[in-house]
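Structure record follows, encoded as structure tokens.
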Amino acid sequence: MDDIPKGIHYKITHPAHKLWMIALVAAAGSALCIGILAFVDGVAKGDYLLVAPFGATMVLVFGLPQSPLAHPKNVIFGHLTTAITGIIFANFLPVTFWSLGLAVGVGIFLMIILNVTHPPAGGNPLLIMLGAHTSILFAFYPIFAGSCIIVLIALLYHALVSRLEYAWVNKPKEGKDV
């Protein structure tokens, strides 16, 4: 690794290799993404794109972008699956210790069965039931819309800024050691 040139062109076109640089890139991407979601909510004066579990999504999408748990389908459909689960439970069961536990358990079961596991989405049934969000629209905004925007921002950020592999962006070329 010592024979790799360290000029500005290299630093701009290659991903970070030192832990502090990786952490800084993850923090900057996360801050940018949450900032954009919060800005839209502020301008629109509503809850259209941002929910608390998205903070944990940032850890995977920007901090561990190569994790299967951070893949776009997992982010989007993991959140959507557990949101719908939470809404169904909120509409048909009283909010109790057992219904909260059951809703989270069913959401996790469905994510695993559907192959869209995304750990931060496990918080959606709690958020939805404790917040009394009973409309199916909550699954579409902020959950679905916010998840889609997160993935779009992550794809752009990793393609243009971090240079880290994420989904189909920055895949190593076959036959080359990177």
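The values are calculated or read from the model by the stated rules, or taken from the named source; none is laboratory data. Because the structure is a prediction, the values reported are computed rather than measured. Positions of Cβ are backbone-derived with ideal geometry, glycine not excepted, and every protein chain shown enters the neighbour counts. Please note that ligands, DNA and RNA were not included when accessible areas were found on the heavy atoms of the full protein model with its side chains. Shrake-Rupley method; radii C 1.70, N 1.55, O 1.52, S 1.80 Å.
The figures follow:
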quantity	calculated
Filtered residue count, the range 138-157, keeping only those that are farther than 13 Å from residue 58 by Cα and not hydrophobic (A, V, I, L, M, F, W, C)	2
Residue within the range 51-62 that is hydroxyl-bearing (Ser, Thr, Tyr), within 21 Å of residue 140 (Cα to Cα) and at pLDDT 95 or above present	yes
Restricting the range 93-121 to residues that are in a helix (DSSP H, G or I) and touching a residue at least 60 places away in the same chain (Cβ under 8 Å), the residue that is most open to solvent (accessible area, probe 1.4 Å)	119
Flag for residue 157 being within 14 Å of the chain's Cα centre (by Cα), modelled with pLDDT under 95 and not aliphatic (A, V, I, L, M)	no
Check on residue 35, of a type in the set (Gly, Ala, Ser), within 21 Å of residue 151 (Cβ to Cβ), touching a residue at least 12 places away in the same chain (Cβ under 8 Å) and part of a helix (DSSP H, G or I)	no
Scan of the range 51-81 for residues that are buried (at least 20 other Cβ atoms within 10 Å of the Cβ) and assigned to a loop (DSSP other than H, G, I, E, B), ordered by number	51, 65, 71
Flag for residue 161 being part of a helix (DSSP H, G or I), β-branched (Val, Ile, Thr) and loosely packed, with under 15 Cβ neighbours inside 10 Å	yes
Test: residue in the range 147-157 that is crowded, with 24+ Cβ neighbours inside 10 Å and over 26 Å from residue 25 (Cβ atoms)	no
Filter pass, residue 78 being in contact with a helix residue (DSSP H, G or I) (Cβ under 8 Å, 6 or more places away or on another chain) and under 16 Å from residue 161 (Cβ atoms)	no
